[in-house]
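The values are calculated or read from the model by the stated rules, or taken from the named source; none is laboratory data. For clarity, every value in this text was computed on a predicted model and none was experimentally measured. All Cβ positions, even for glycine, are placed from backbone atoms using ideal geometry, and neighbour counts span all protein chains on display.
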Amino acid sequence: MRGARAWPLGHALVVLVVTLGSPPAEAAALGVRVGFDGAVVLGMPVPVEIRVPAPDREGQAQVVLDASALGPRGPVTATTVIPFEAVPGIARVFRETVTLLDVRRPLRVRVRVEGRDVQDAAVAVDPARVGARLVLALSASHRGLSVLRSLPGRIVPAYVHEDALPRQWQAYEGVGVVIVRDLDPGRLDGAQEEALLTWVRMGGHLLVVARPDIPPPAFLDAVLPARTGEARTLPRVPGLEARYGVPLPPGPYVVVPLVPRTGAVTPGLGDLAMAWWSVGLGEVRMIGFDPWEPPLEAWGGRLRFWAEFLGTPGEHLVDAQYAAHGLRTEAAGDSLGQVIVGVALAAYLTALAVLRRSRPPWRGVVAALAVALVALPVSLAVAHVVRSRSVTLEQVALVIQAPRTSGGRTLWVGVVTVPYGGDYRLRVPSGALLLPREAAGSLSVERSGEDTWVAGTLPPEAPRQTLVALGRLEVAASGVVTGRWLEVDLGPDRLLRAALAWHGRVYPLGGLPPGASRHRLEPDRWVSPEVAASSPLLARVFRLLDVGVIMKATSPILVGELAGSRPAFEFPGVSGRRATILLVPLSAGG
Amino acid sequence: MSSGEAVLSPVLRGDLRARARSRKVVAIEVFLLSVLAFLVFLGLPPELSQLERSREAGLGAALATVQLVLVTYFTSACAAQEISVEGEKSAVDLLWAPFSPGAIVVGKSLTSLVTPVYWLLLGLPIVVLAAAIRREPASSVLAVLGVTVAVAWAVAQWGLASSVLVESELSRTVLHWAILLGVFVVTLALPASLRWINPIVAVGAAAGGAAPTGAFVLYGLLGGLGCAAANSALRRWGGP
């Protein structure tokens, strides 16, 4: 009973202390973290974390992120709007992905409640932290990667903790390599794990450092090229010296032996614990020695070692700008709009011609003026109809099949044209992330439940806006070219206007059915890329692809247009041409 | 006589009556509006892949130019009697009626003002359609109409003067065309700083959003001088 009596008093004291000790809710600062440990890549999505202090009023609220960009007529703003319900006393944390196009101006973050700005923060990006590629290291030791600055291509290292890993795989788009050294899987949620794995399958590069007595995170097990063995201490590692040509400092070296899985590649240099393999479109490497630990941390061969891991960024099979250029030639007229205008003009002229014959002549003159007066609002209405109908959205989805996975890395490229400028608002394909690459005018990205909408106003001088979104589509195509045979399995999908590209030549295939099929490749049917691009069958597909890049690919590539409806940019009331082009890297046998 | 007719100058009243019933004027109106409508139809998006509103060579400026040239020509041709409107008396003929030269010139001048305004009002729905499709501001449309009226009226005043000064029909036509060429073509040879005097340049600037105050005032003054010249010539014909 004594305790029971004491508790209400204690509770009251605690509440009093907490209340007095807390600053007023809106006086607390808005917390904003941009990029990976502050590192960003221009034109690439980066994660942004916004900590909104508890507001003192409730209502409809928004977090608004204003990122500057350069438009054709000067600075424009790419705004991202996240709606939420403000509840007094409840702080919120938002994790968003934005694309920075101009770091000369800070990222402005505002919190609006019921239409009023209640919080404001401007976050400048350190120019020294802007790179062309980022190297993310999940490592307790925050040193050793500064040597990367010596490599060409403005590589910026960033040491991050688990909570900084994004929940959208596209947020890794500017990252060259993620290095996993010290990762506590218990501090990651499912979305973060899935984002990292999806990124690897969609083309990301992962390096896992196997450490003594610390097993690699279990969620990575499916993508690891090797299993780890018992750690050993060696006086020297001659394989490492041989591979990178730089003598090692005196040992001892603690090495975790790697047991490669089927399909994994090893350097074949005895004690050099290293294995790698391709996972989808990406690659996972594993090493059994720790570059952060002495004596390797002082090794002169570190630069060559990292250079091999980072490599040089390869050319992407698809190019958004190239596709946008191909789309722009496809603007089509609106025949119904022309009919409406034609009929309206003819009716007006006929009415005037008839009325001007009325007797007495004054009546005709006055009646003609009255008709002109009535025709003015009609003209405005017809103009509105014509403007609405002349808005076009041409788009293509370029899907690269990730080998041995059920997905494809997909780049949606849309060109919205509003003749003589004006407003547009369209829905981004489900699950895709908009990448505002070139802003013709200010645009706004609005989250609305599961949907993302992009809206903007195009100036009369630049009435076209190219929109690019990155995502993943479900596709499961595979195939092999063996001698004069192509064996392909498209799963449930059907391919139209298909062609095989290999060794600088193109083989037109036409339509391919769902499931497995086998096709004989006749030697005399291979044509040059120029001939393929000009053929009526393949012109539509090849106009949107940089054939030169595809021809340089080391493996045969099946190209074709996927039949059926797929997720795409949706502009309510506007139906434009759309296509989904699938590229399947094939294996070459025999 | 109604109160409305009492307000109107008798010369203006007579000319407007004649023009209201003239088949030639109706034909001019139908032709003018048909040309404008045709241009608007051709200019529907996407017209020749030109979707940007260009200030230099947009179809909006082209429409304004064609309207300017046609309205100016027809207004001045009627005033110079190159196009003789059925039932409309010339300024010289009116001297035999009990009108002073000043009243005749004012009446004819007002006719040359009302006529293009009426034609432009009839063409306004077509022009507004083109402007609204291109999101051109109303101020640009009004500026274009203002310059067009000023130029048409000014050239028409010199046409009126030539109708009084020159008796020969052929010589009058040649003089009228010389005035038109001078206004529309010769002014293009002016230094760049004075190029705004050219009506096509002025109307293009107006269509692009500029305020063509200089051109408006200049052609207003030129029109006034034309009026004065016509009045002086009529007085020489022996009016009171």
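Structure notes:
- Complete set of residues in the stretch B:93-109 that are of a type outside the set (A, V, I, L, M) and in a helix (DSSP H, G or I): B:93, B:101, B:102, B:107, B:108, B:109
- Total residues in the stretch A:204-241 satisfying the condition of being charged (D, E, K, R) and free of Cβ contacts under 8 Å to residues at least 24 places away in the same chain: the figure is 3.
- Of the candidates A:521, A:512, A:538, A:562, the single residue that is touching a residue at least 12 places away in the same chain (Cβ under 8 Å) and in contact with a Phe, Trp or Tyr (Cβ under 8 Å, 6 or more places away or on another chain) is A:521.
Every residue, every condition in (1) of a type in the set (A, V, I, L, M, F, W, C); (2) modelled with pLDDT of 80 or more, yes or no:
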{"site": "A:264", "(1), (2)": "yes, yes"}
{"site": "A:271", "(1), (2)": "no, no"}
{"site": "A:275", "(1), (2)": "yes, yes"}
{"site": "A:283", "(1), (2)": "no, yes"}
{"site": "A:311", "(1), (2)": "no, no"}
{"site": "A:337", "(1), (2)": "no, yes"}
{"site": "A:353", "(1), (2)": "yes, yes"}
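Matching residues to (1) without any contact (Cβ under 8 Å) to a residue 24 or more places away in the chain; (2) among the acidic types (Asp, Glu):
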site	(1), (2)
B:81	no, no
B:86	no, yes
B:98	yes, no
B:120	no, no
B:123	no, no
B:132	yes, no
B:146	no, no
B:154	no, no
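- Filter result for the condition that a residue is in a helix (DSSP H, G or I) and either farther than 30 Å from residue A:139 by Cβ or away from every other protein chain (no Cβ under 14 Å) (or both), over A:352, A:272, A:317: A:352
- The set of residues in the stretch A:382-401 being facing chain B (nearest Cβ under 9 Å) and surrounded by fewer than 16 Cβ atoms within 10 Å (Cβ to Cβ) consists of A:384 alone.
- Hits in the stretch A:267-283 (condition: within 15 Å of residue A:238 (Cα to Cα) and among the β-branched types (Val, Ile, Thr)): none
- Test: residue A:506 is at pLDDT 90 or above and either assigned to a strand (DSSP E or B) or surrounded by 13 or more Cβ atoms within 10 Å (Cβ to Cβ) (or both): yes
- Sole exception among (1) in a helix (DSSP H, G or I); (2) surrounded by fewer than 23 Cβ atoms within 10 Å (Cβ to Cβ); (3) among the small types (Gly, Ala, Ser) for residue B:215, by number: (2)
- Single match in A:423, A:493 (criterion: within 14 Å of chain B (Cβ to nearest Cβ) and either surrounded by fewer than 23 Cβ atoms within 10 Å (Cβ to Cβ) or part of a loop (DSSP other than H, G, I, E, B) (or both)): A:423
- Test: residue in the stretch A:412-420 that is part of a loop (DSSP other than H, G, I, E, B), farther than 30 Å from residue A:491 by Cα and among the hydrophobic types (A, V, I, L, M, F, W, C): yes
- Single match in A:263, A:270, A:251 (criterion: in contact (Cβ under 8 Å) with a residue 12 or more places away in the chain and closer than 30 Å to residue A:406 by Cα): A:263
- Conditions (1) over 22 Å from the mean Cα position of the chain (by Cα); (2) of a type in the set (Val, Ile, Thr); (3) not in a strand (DSSP E or B); number of the one not met by residue A:111: (3)
- Scanning the stretch A:212-227 for residues that are part of a loop (DSSP other than H, G, I, E, B) and under 14 Å from residue A:185 (Cβ atoms) yields A:215, A:216, A:217, A:224.
- If you filter the stretch A:448-482 down to residues that are more than 23 Å from residue A:396 (Cβ to Cβ) and surrounded by 18 or more Cβ atoms within 10 Å (Cβ to Cβ), you find that the one that is farthest from the other protein chains (Cβ to nearest Cβ) is A:481.
- Every residue from the stretch A:355-398 that is touching an Asp or Glu at 6+ places or on another chain (Cβ under 9 Å), at pLDDT below 90 and farther than 30 Å from residue A:422 by Cα: A:356
- Yes/no for residue A:378 being within 57 Å of the chain's Cα centre (by Cα), loosely packed, with under 13 Cβ neighbours inside 10 Å and assigned to a helix (DSSP H, G or I): no
- From the options A:249, A:260, A:291, residue that is modelled with pLDDT of 85 or more, over 30 Å from residue A:578 (Cβ atoms), buried (at least 19 other Cβ atoms within 10 Å of the Cβ) and in contact with a Phe, Trp or Tyr (Cβ under 9 Å, 6 or more places away or on another chain): A:291
- Single residue of B:140, B:162 found to be part of a helix (DSSP H, G or I), farther than 24 Å from residue A:356 by Cα, away from chain A (no Cβ under 14 Å) and among the polar types (S, T, N, Q): B:162
- Counting the residues of the stretch A:31-61 that are under 23 Å from residue A:441 (Cβ atoms), of a type outside the set (Gly, Ala, Ser) and surrounded by fewer than 19 Cβ atoms within 10 Å (Cβ to Cβ) gives 1.
Matching residues to (1) within 14 Å of another protein chain (Cβ to nearest Cβ); (2) touching a Leu at 6+ places or on another chain (Cβ under 7 Å); (3) surrounded by 15 or more Cβ atoms within 10 Å (Cβ to Cβ); (4) at pLDDT 85 or above:
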site: B:10; (1), (2), (3), (4): no, no, yes, yes
site: B:22; (1), (2), (3), (4): yes, no, yes, yes
site: B:27; (1), (2), (3), (4): yes, no, no, yes
site: B:32; (1), (2), (3), (4): yes, yes, yes, yes
site: B:36; (1), (2), (3), (4): yes, yes, yes, yes
site: B:41; (1), (2), (3), (4): yes, yes, yes, yes
site: B:58; (1), (2), (3), (4): yes, no, yes, no
site: B:79; (1), (2), (3), (4): no, yes, yes, yes
site: B:88; (1), (2), (3), (4): yes, no, yes, yes
